[in-house]
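**Q** What follows is a structure written as structure tokens; I'll ask about it next.
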Amino acid sequence: MDAIILQILNGLDKGSAYALIALGLTLIFGTLGVVNFAHGALFMIGAFCAVAMQRLIGLSYEEIDPTRTDFLGNPLAVKVPYVEGWFGPELGAFLIDWSVPLSILLAIPVMLVVGFAMERGLIKHFYKRPHADQILVTFGLAIVLQEIVRYFFGANPIQTPAPSLFSGSFDFGAMVGFGANSIIYPYWRMVYFLFAAVIITGMFLFLRFTTFGMVVRAGMADRETVGLLGINIDRRFTIMFGLAAVVAGIAGVMYTPILSPNYHMGMDFLVLSFVVVVVGGMGSLPGAVAAGFLLGILQSFASMNEIKALIPGIDQVIIYLVAILILLTRPRGLFGRQGVMEN
């Protein structure tokens, strides 16, 4: 029972990443009708926003420390972070320690700019083109973006630690009454799941209860009629593209302590997230979220040593096998709508 609960928890943090990326993919497809293969690159750019913030906050200058000397008795020059010099040692150390959550403040404007630039500069020219053309051009854009990141940050993964308050693990088993030391789980993975739940809930509430969101949902259902009412639906869809980019970016920021950022991480998540979108149903926001968590949990169970001993390599293909089974029995996906992607 303990092993089952642990795998469910592991699946939830994987599913959270899948669901957040798939949510943005579905928003873009549902509003603009674009199959955006560059969306994984937005996740990757968000992760490197955390790397950039870590390096920015960690910038330092040299200062002579009279309390420290070398073997000849000469005072040593020590590196002091600028934030400690500006704000004091305590606040400076706090800012350095919490660089990952603080990176969200950098990621939001960066992702808005990148999202708007992608939509206005390239993707808007492919709205009425076949989906194959959209896939090719956005896939090429994703490759360009990841090569730019590799040029500036290198090809090796870059460690981005979580705040020290959440760097360890906690006894989840004792908390839920399963006995001490039965289920030990990392703090940050639970933080990521809660973060994803807040973002997903916020997006659904925004689309359901705000005037902007209701107009967007109406436009997703009948774009022409909303346009005839005098509403600039294209502008609202462009804003939704920017919001989808922000969701992918901050998902990447918060995932960096779990998976060290590297230039190809966006492509790794993109393929899985597209499978999630197809399984959930193209254009279905609830389907994207439900399928993300479902496939994350299934992948976690498939990675158990006992399962891999019975079926070697099952952890690498389980998501695709489930996708095949669902699409054979329900071609539109779990929550797919009639007519979507059928032309």
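**Q** When a/c is below 1.5 the answer is rounded, else prolate if a/b is larger than b/c, else oblate, so apply that to the range 99-177 with a ≥ b ≥ c taken from the square roots of the Cα gyration tensor eigenvalues.
**A** It is prolate, given that a/c is not under 1.5 and a/b is the larger ratio.
**Q** Please calculate the 1.4 Å probe accessible area of Val198, with all protein chains present, and give it to the nearest 10 Å².
**A** Answer for Val198: close to 100 Å² accessible.
**Q** Further question: Order of 236-245, 318-327, 208-217 by packing, highest average Cβ count within 10 Å first?
**A** Put in order of decreasing packing, that is 236-245, 318-327, 208-217.
**Q** Treating the angle as unsigned and between 0 and 90°, give the value, to the nearest 10°, between the Cα long axis of helix 2-32 and the longest Cα principal axis of the chain.
**A** Around 60 degrees separate the two axes.
**Q** For the charge dipole of the range 1-69, defined by +1 on Lys and Arg C-beta atoms and -1 on Asp and Glu C-beta atoms about the Cα centroid, which residue among Gly30, Tyr18, Ile8 has the Cα displaced farthest towards the positive pole?
**A** Farthest towards the positive end: Gly30.
**Q** Please report the spacing between the Cα centers of the range 1-60 and the range 251-329 in Å, no decimals.
**A** Each part's Cα centre sits 12 Å from the other's.
**Q** A further question on this structure: Residues with amide H under 5 Å of Asn36's amide H, sequence separation 5 or more or different chain, H placed in the peptide plane at 1.01 Å from N; which?
**A** none
**Q** Determine the calculated [θ] at 222 nm for the chain from helices alone, applying -39500 (n - 2.57) to every DSSP H run no shorter than 4 residues and normalising by the residue count; nearest 500 deg cm²/dmol. Write down the numbers at each step before the final one.
**A** Numbers: 15 runs with 234 residues, N = 343.
Mean residue ellipticity at 222 nm (helix-derived): -22500 deg cm²/dmol.
**Q** Moving to a separate point now. First compute the accessible area of the range 58-217 with a 1.4 Å probe, then give the percent of it belonging to carbon and sulfur atoms.
**A** 67
**Q** First check a/c for the range 1-150, with a ≥ b ≥ c the square roots of the eigenvalues of its C-alpha gyration tensor; if it is under 1.5, answer rounded, and if not, answer prolate when a/b is larger than b/c or oblate otherwise.
**A** prolate
**Q** Would you please classify the overall shape of the range 135-273 from the alpha carbon gyration tensor, given that a ≥ b ≥ c denote the square roots of the eigenvalues, rounded means a/c under 1.5, and beyond that prolate means a/b larger than b/c while oblate covers the rest?
**A** Oblate.
**Q** Follow-up question, since we're still on this one. May I ask you to give the solvent-accessible area per residue for the range 1-65, in square angstrom, as obtained with a 1.4 angstrom probe?
**A** With the other protein chains kept in place, the range 1-65 gives 28 Å² per residue.
**Q** Okay, next question. Mind pulling up the Rg/Rh value for the chain? Radius of gyration and Kirkwood radius, both on Cα.
**A** Rg/Rh: 1.04.
**Q** I would also like to ask the following. Given a 1.4 Å probe and every protein chain left where it sits, what share in percent of the accessible area of the range 222-343 is carbon and sulfur?
**A** About 63 percent, which is the carbon plus sulfur part of the accessible surface.
**Q** Accessible area of Tyr192, 1.4 Å probe, to the nearest 10 Å²?
**A** Estimated to the nearest 10 Å², Tyr192 gives 0 Å².
The values are calculated or read from the model by the stated rules, or taken from the named source; none is laboratory data. Everything numeric in this text was worked out from a predicted model, so none of it was measured. All Cβ positions, glycine included, derive from the backbone under ideal geometry; neighbour counts span all protein chains shown. The protein model used for the area step is the full one, side chains on, heavy atoms only, and it has no ligands, DNA or RNA in it. Shrake-Rupley method; radii C 1.70, N 1.55, O 1.52, S 1.80 Å.
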